[in-house]
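None of the figures in this text is laboratory data; all of them are computed from the coordinates on show. It should be emphasised that the depicted structure is a prediction, and the values quoted were computed from it without experimental measurement. For neighbour counting, all protein chains shown are included, and Cβ atoms are generated from backbone atoms with ideal geometry for every residue, glycine included.
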Amino acid sequence: MYPVYLLEDDLQQQAIYQQIIANTIMINEFAMTLTCAASDTETLLAAIKDQQRGLFFLDMEIEDNRQAGLEVATKIRQMMPFAQIVFITTHEELTLLTLERKIAPLDYILKDQAMAEIKRQLIDDLLLAEKQNEAAAYHRENLFSYKIGPRFFSLPLKEVVYLYTEKENPGHINLLAVTRKVTFPGNLNALETQYPMLFRCDKSYLVNLSNIANYDSKTRSLSFIDGSEAKVSFRKSRELVAKLKQMM
């Protein structure tokens, strides 16, 4: 589910926005969920955790800080380059600061409008976010992405040969691809779920079946187009043979 976050310190307004967001998601059957509705910035930032995507509705002014939402948006953009950010504010004059800080918000919703207009904009932003997510999902199906420090990298999925882990370097993934070989922080179980088109041939290997050159079922040894090899566990061997037959 695609996470949606709300930051609003007026609890009455927060409840109204929550209801609009929840109803829009339910009626349209979007693959979204309102993950967090917070009245302070600390709670919101704590709820993000290791997410790489999300839609944020941010009140610009929290308590006496007119730029609290702007400050949070700057942190979100650093942590999550592809986040979708919508400001809900009475301070239209602060919109120029979002340009200076390169936040690139999806929308601004001004609070001094009638609630019917605010509701329409909230719904429109949810619809727009869903359309953008669908387009991005189609694009992501053909890409493999990873993160090293604050930077994100992508390459065509067809170039991935395999991913593997080493006992001496826990918490890290080694990527062997046609055009590169890199190591990045990660978890093989999470990548197996994220990229179901890759095959888990062993507890330490996640391979691209499209880049296999040969499989010796007797020695349970996989050979790849670059000449490298990987072992297949006994319990995965039969499943691998079945998948290779399907590809013939």
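Cα centroids of region 200-248 and region 179-199: how far apart, whole angstrom? That distance is 16 Å. Counting 0.36 nm for each residue step from Ser39 to Lys243 and taking away their Cα separation leaves a gain of 68.4 nm. Peptides 27-39, 111-123, ordered by how many other C-beta atoms sit within 10 Å of their residues on average, highest first, read 27-39, 111-123. Site pair Glu166 and Leu110 shows an inter-label distance of 5.9 nm when each label is modelled 7 Å from Cα along Cα→Cβ. Contact order, relative form, for the chain: 11 percent (alpha carbon pairs under 8 Å, 6 or more residues apart, mean separation divided by residue count).
Dividing the mean sequence gap of close Cα pairs (under 8 Å, 6+ apart) by how many residues region 137-248 holds gives a relative contact order of 17 percent.
When both region 144-166 and region 11-85 are represented by their alpha-carbon centers, they are found 28 Å apart. For the chain, the equivalent ellipsoid derived from the alpha-carbon gyration tensor has semi-axes of 45, 18, 15 Å in decreasing order. Here the simple spin-label model places points 7 Å from the Cα toward Cβ, and for Gln78 and Asp64 these points are separated by 2.5 nm.
Rounded to the nearest 500, the 222 nm mean residue ellipticity of the chain from helices alone is -11500 deg cm²/dmol, with -39,500 (n - 2.57) taken per DSSP H run of at least 4 residues.
Relative to the longest principal axis of the Cα atoms of the chain, the long axis of helix 115-140 makes an angle of roughly 10 degrees.
According to the Cα-based calculation, Rg over Rh for region 2-140 is 0.93, with Rh computed by the Kirkwood formula. Multiplying the residue separation of Met26 and Phe184 by 0.36 nm and removing their Cα-Cα distance gives an extension gain of 53.2 nm.
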